[in-house]
1. Amide H neighbours of Met434 under 5 Å, counting only residues 5+ apart in sequence or on other chains, H built in-plane at 1.01 Å?
2. Expressed in nm to one decimal, what extension gain is obtained for the pair Ser175 and Ile2 from 0.36 nm per residue of sequence separation less their Cα-Cα distance?
3. Can you compute the helix-only [θ] at 222 nm over the chain? Use -39500 (n - 2.57) per DSSP H run of at least 4 residues, normalise by all residues, nearest 500 deg cm²/dmol.
4. Compute the relative contact order of the chain as a whole-number percentage, counting only Cα pairs closer than 8 Å that sit 6 or more residues apart in sequence.
5. Assuming R0 = 51 Å, what is the FRET efficiency of Arg454 and Asn214, from their Cβ-Cβ distance, to the nearest 0.05?
6. For Met434, Met19, which order do you get if you count the other beta carbons within 10 Å of each Cβ and list the fewest first?
7. Positive end of the charge dipole of the range 8-60 (Lys, Arg +1 and Asp, Glu -1 on Cβ, about the Cα centre): tell me which of Trp44, Cys8, Tyr55 has its Cα farthest that way.
8. Using 0.36 nm times the number of residues separating Asn68 and Ser261, minus their current alpha carbon distance, what extension gain do you get?
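Just so it is clear, none of the values below were taken in a lab; they were calculated from the coordinates. Keep in mind that what you see is a predicted model, and the values were worked out from it rather than measured. All Cβ positions, even for glycine, are placed from backbone atoms using ideal geometry, and neighbour counts span all protein chains on display.
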Amino acid sequence: MIVKQICCIGAGYVGGPTMSVFADKCPDIKVKVVDVNTNRIEQWNDEDVSKLPIYEPGLSSIVSRTRNKNLFFSTDVKKAIQESDIIFISVNTPTKQYGVGKDMAADLKYVEICAREIGKYANSDKIIVEKSTLPVRTAEAIKDILENSQSEFSFEILSNPEFLAEGTAIDDLISPDRVLIGGDYHTESGKKAIQALKNLYLNWVDEDKIMVSNIWSSELSKLVANAFLAQRVSSINTISELCEVTEADVKEVSKAIGMDSRIGSKFLNASIGFGGSCFQKDILNLVYIANSYNLPEVAEYWNQVIHINNHQRRRFANKIISRLYNTVSDKKITLLGWAFKKDTNDSRESSSIYVADHLLNEQALISTFDPKVSEEQIYADIDAVNSRTEIENRTLLTVYKDPYEACKDAHAIAIMTEWEEFKLYDWQRIYDAMSKPAFIFDGRAILNNEDLIRIGFKIYTIGK
Ligand code: NAD
Ligand code: UGA
């Protein structure tokens, strides 16, 4: 099968970067990214690439060299469906906020809308690729919708989950650990579809890194990969608490266990808890699926990963309160970092939101600075928690554009995100302008304790 054009429905953190790399690596193929969010599409089309809706190292240069050559951003979903041989679905699949499965199951309404639109508009046979993270057996539902769409054309459904991490998305896409393609390899049409998608990746990915599986294994592997990664973070975070009471140092423990090649050194950084739009959502989904198959022990095992994450966030906020003499009322506390990790402007489910909320409930005055997250987004995040009115949030939480202003007169500073620039600040200047005693709560263990203690700071470091 010769593929001339592909499209992706959903121009978000996955759709945008993924399709940019496809366009860059497959110059003979036309790539279209479509979205219902006109504002987002306008940002993707902004001539000034510093205004793209997503900050991701390396992304703007790829967009600069491919956009309007073989990469196009548009709101015309119908046209994109009609023109494309392969259609990727990369829409959001958030945790359901209503009805059966509320707060647990993935909300598949956006995926379903895409399936219905494909059924309605398709004017030739199509390969449909699930790029969104979906519960195991979703392809069955998509197939059912398409088969009942009265379309005269046939559709082959593949699962091709995305494993990129934000902040390193471009590198992850260019050099993936693996590409997983799930499909019906027992039928001729299934084999052809798998090969067509594989051929796209073969433009830059070694064949031995492309794994083909049945569709259910592929859907489930994506949830399991995220669950395993999150489990490591929760595991090391439990050990950080133990280290704090035993005078062990979690960094040394991580290093010692990570040197065992069976354990490996990655994902062993203790923190204020994992954030991001996916870990919690995908584990809740896994728990929901296990429960729905009546596997309560499996569900409870994975639920603990979330339970520990919430505990770690609360524990960090409570540590700030207890060290500040058990009251933070009217004290200025500066949170450095709002993004859920460095090198992204994404703050979805960031631990900063929950720590800020906890401290605001204790009547603290919160200041914050993040190199990439906008003021508008920070207020939207704290409003979404629904603990206070919007007016109260704007009175009690101040967003600064300058880190030194953010730290001025503060009683305490908390490091929430591991941005490299925080290590390079003039900490003497910050200390001089703070209320005394001046406290630092390093939730990412990135600062040099000895230097800061010499300056006069009182320091708490996670896991130390
Ligand atoms: P996102 O919210 O950034 O983007 C999704 C986009 O889809 C939005 O812009 C939305 O407007 C658009 N959309 C929704 N319904 C639509 C429709 N019917 N037609 C056209 N556009 C529509 O989400 P994301 O972070 O890109 O995640 C997308 C999926 O990929 C999720 O399932 C997620 O779990 C998965 N995933 C995300 C990451 C990540 O790092 N963010 C990594 C791997 C997998
Ligand atoms: C994660 C996975 O790493 C990707 O493979 C996956 O594709 C993606 O989720 C997804 O499905 O959305 P992402 O959430 O972008 O990627 O970022 P991670 O690097 O995994 O970090 C997640 C959270 O865990 C961050 O808050 C990070 O600070 C935290 N973390 C990570 C730790 O606290 N300690 C660690 O050692 C590693």
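1. Long-range HN contacts for Met434: Asp409.
2. 59.8 nm
3. Here the helix-only value at 222 nm equals -13500 deg cm²/dmol.
4. Relative contact order here is 12 percent.
5. 0.30
6. Listing Met434, Met19 from fewest to most nearby Cβ atoms yields Met434, Met19.
7. Looking along the dipole axis, the top candidate is Cys8.
8. Between Asn68 and Ser261, full extension yields 64.9 nm more.
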